[in-house]
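In what follows, a single structure is set out as structure tokens and then discussed.
The values are calculated or read from the model by the stated rules, or taken from the named source; none is laboratory data. Just so we're clear, the structure is a prediction, and the values are computed from it rather than from any experiment. Ideal geometry is used to build each Cβ from the backbone, glycine not excepted, and the neighbour counts take in all protein chains shown. Areas reflect the complete protein model, heavy atoms only, side chains present, ligands, DNA and RNA absent. Shrake-Rupley method; radii C 1.70, N 1.55, O 1.52, S 1.80 Å.
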Amino acid sequence: MNIDKSKIKKIVLAYSGGLDTSVIIPWLKENYNNPEIIAVSANVGQGDELEGLEEKAKNSGAAKLVVANLEEEYVNDYLLPCLKADAKYEGYLLGTANARPLIAKALAEVAIKEGADAIAHGATGKGNDQVRFELGIKHFAPDMPIIAPWREWDLVSREDEIDYAAAHNVPLRISKETNYSKDKNLWHLSHEGLDLEDPSLEPTYEKPGFLEMGVSPLDAPDKPTYLQLDFEKGVPVALNGQEMPLMEMLEKLNKVGGENGIGLLDLVENRLVGMKSRGVYETPGGSILYFAHEYLETITLDKQVQHKKSELAITYGELVYDGQWFTPLREALAAFVDKTQECVTGTVKLKLYKGNIIKAGVTSPNSLYSTELATFDESDYDRFINLFGLPIQVQAKLDAKKK
């Protein structure tokens, strides 16, 4: 979409307070005829990153900051469907990807309410988020112009951005030495850039300040921690016998999981735009929930459903990763998943120990596991084996005749 810059008087900017979005505010004012900038920050559980954000946004040149409190909606309407689907992307639990459609929805809503002429975001031209943001915006505001400075400006690196910020008196909390690209929410924290761009280098898990949601498995306690999780129709409803909302449960699991070094993932992934990229992800509570949910499904889903659901989990994960949340296929898969979860009720026990999640028992009133059938004490399956092997036997006799 070609944008007539002279007509852009008000821009809604997806604002995190990080390097990219901080620099974008003065850049937009310089390059789009000094428009009014409304910074929108989506609260999806990034905690203290929201502190002082309004002052920082205004000091960078924004007219005001709008904070959209989306934590509960994020957990219940975006995280939970992914959990029930067991959706992953190459092992990644979608912590950034499943938040972007909700943030795009909030951006569109604010832009429409404020009468904005455009929406801007700070996603890079090599990243996935440009697609996730823009597809979400197109769903809720299909005619809204979208500005992506990374695809326009002549700043070619994060170091250039830091220099630009210094020249324009933009307040930053980072330096060139601590310039990891991070994304944090209630579900996870991602780390990219600097030494992580070299896959031959080990992540500095034991370096103070690198990990924020937990500790290295080497620094975890020398004794295990036991947990009990209860599910009803695929939804986590209780932790250690205490019923609680999923958001509260996730916060508690993040704490205990982080303390035990759970949920670290060092991944070279295939980005949507075609390149490979390396990142380190911290997902302590989410890793526990995924593990427990899949554990419970092993005794509550029959073979055909379990296998087909595992196949479709890959498709579901790819759709979320690729920004295709608001599509008929994703919605159809969600309906399928909900049907499969009708019997996924039960109790899972886990043992956490130095980065490992270990199975410690599972029960369900809907269990398909039968001790009588599974026992090795006796077998009545000779007739079944003979029938099952009949085609092989017949083919072998036919082949022998041909010889």
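How about the stretch 202-238: which of its residues are closer than 27 Å to ASP266 by Cβ and open to solvent by less than 30 Å² (accessible area, probe 1.4 Å)?
Matches in the stretch 202-238: PRO203, PHE210, LEU211, GLY214, SER216, ALA220, LEU227, LEU229, PRO236.
For residues that are open to solvent by 40 Å² or more (accessible area, probe 1.4 Å) and within 15 Å of ILE24 (Cβ to Cβ), scanning just the stretch 170-180, find the one that is modelled with the lowest pLDDT.
Filtering the stretch 170-180 for residues that are open to solvent by 40 Å² or more (accessible area, probe 1.4 Å) and within 15 Å of ILE24 (Cβ to Cβ), the one modelled with the lowest pLDDT comes out as LEU172.
What number of residues within the stretch 249-272 are among the hydrophobic types (A, V, I, L, M, F, W, C) and within 17 Å of VAL215 (Cβ to Cβ)? Please lay out each step first, then the result.
If we filter the stretch 249-272 for residues that are among the hydrophobic types (A, V, I, L, M, F, W, C), which is where we start, we get 249-250, 253, 256, 262, 264-265, 267-268, 272.
Okay, now just the ones that are also within 17 Å of VAL215 (Cβ to Cβ), so 253, 256, 262, 264-265.
Total satisfying the criteria: 5.
Does GLU372 qualify as being surrounded by fewer than 19 Cβ atoms within 10 Å (Cβ to Cβ), under 24 Å from ASN128 (Cβ atoms) and among the charged types (D, E, K, R)? Reasoning before the result, please.
Details: surrounded by fewer than 19 Cβ atoms within 10 Å (Cβ to Cβ): yes; under 24 Å from ASN128 (Cβ atoms): no; among the charged types (D, E, K, R): yes.
Criteria not met by GLU372.
Applying the selection to the stretch 18-71, what residues are free of Cβ contacts under 8 Å to residues at least 40 places away in the same chain and assigned to a helix (DSSP H, G or I)?
Residues satisfying the conditions are LYS29, GLU30, ASP48, LEU50, LEU53, GLU54, GLU55, LYS58.
I need the full set of residues from the stretch 42-62 which are surrounded by fewer than 15 Cβ atoms within 10 Å (Cβ to Cβ) and over 29 Å from VAL235 (Cα atoms), in order please. Even if it seems obvious, please write down each step before you answer.
Within the stretch 42-62, the first condition is being surrounded by fewer than 15 Cβ atoms within 10 Å (Cβ to Cβ), and the residues that meet it are 47-48, 51-52, 55, 59.
Selection gives GLU51, GLY52, GLU55, ASN59.
Can you name the residue in the stretch 329-366 that is among the hydroxyl-bearing types (Ser, Thr, Tyr) and farther than 30 Å from GLU318 by Cα and is also nearest to the chain's Cα centre (by Cα) among such residues?
Residues of the stretch 329-366 among the hydroxyl-bearing types (Ser, Thr, Tyr): 340, 345, 347, 353, 363-364.
Checking which are farther than 30 Å from GLU318 by Cα leaves us with 353, 363-364.
Details: TYR353: 24, THR363: 28, SER364: 28 Å.
Top of the filtered list is TYR353.
Does the stretch 127-137 contain any residue that is under 30 Å from ASP154 (Cβ atoms), at pLDDT 95 or above and of a type in the set (Gly, Ala, Ser)?
Within the stretch 127-137, one or more residues are under 30 Å from ASP154 (Cβ atoms), at pLDDT 95 or above and of a type in the set (Gly, Ala, Ser).
Residues being touching a residue at least 60 places away in the same chain (Cβ under 8 Å) and surrounded by 14 or more Cβ atoms within 10 Å (Cβ to Cβ): count how many of those fall in the stretch 182-201.
Of the residues in that region, 12 qualify.
Among the residues of the stretch 228-255, which ones are without any contact (Cβ under 8 Å) to a residue 24 or more places away in the chain and among the β-branched types (Val, Ile, Thr)?
Residue satisfying the conditions is VAL237 alone.
Taking the stretch 275-320, which residues are over 13 Å from the mean Cα position of the chain (by Cα) and among the aromatic types (Phe, Trp, Tyr)?
Correct list: PHE291, TYR295.
May I ask you to say which residue of ASN76, ASN98 is over 20 Å from ALA141 (Cβ atoms), open to solvent by less than 30 Å² (accessible area, probe 1.4 Å) and in contact with a helix residue (DSSP H, G or I) (Cβ under 7 Å, 6 or more places away or on another chain)? Spell out how you get there, then give the answer.
Numbers: ASN76 fails: open to solvent by less than 30 Å² (accessible area, probe 1.4 Å).
On inspection, the qualifying residue turns out to be ASN98.
Hey, could you check the stretch 1-17 for residues that are part of a loop (DSSP other than H, G, I, E, B) and out of contact with any helix residue (DSSP H, G or I) (no Cβ under 8 Å at 6 or more places or on another chain) and say which is surrounded by the fewest Cβ atoms within 10 Å (Cβ to Cβ)?
First, pick out the residues of the stretch 1-17 that are part of a loop (DSSP other than H, G, I, E, B): 1-4, 8-9, 15-17.
Still in the running and out of contact with any helix residue (DSSP H, G or I) (no Cβ under 8 Å at 6 or more places or on another chain): 1-4, 8-9.
Working: MET1: 8, ASN2: 4, ILE3: 14, ASP4: 8, ILE8: 21, LYS9: 14.
This residue is ASN2.
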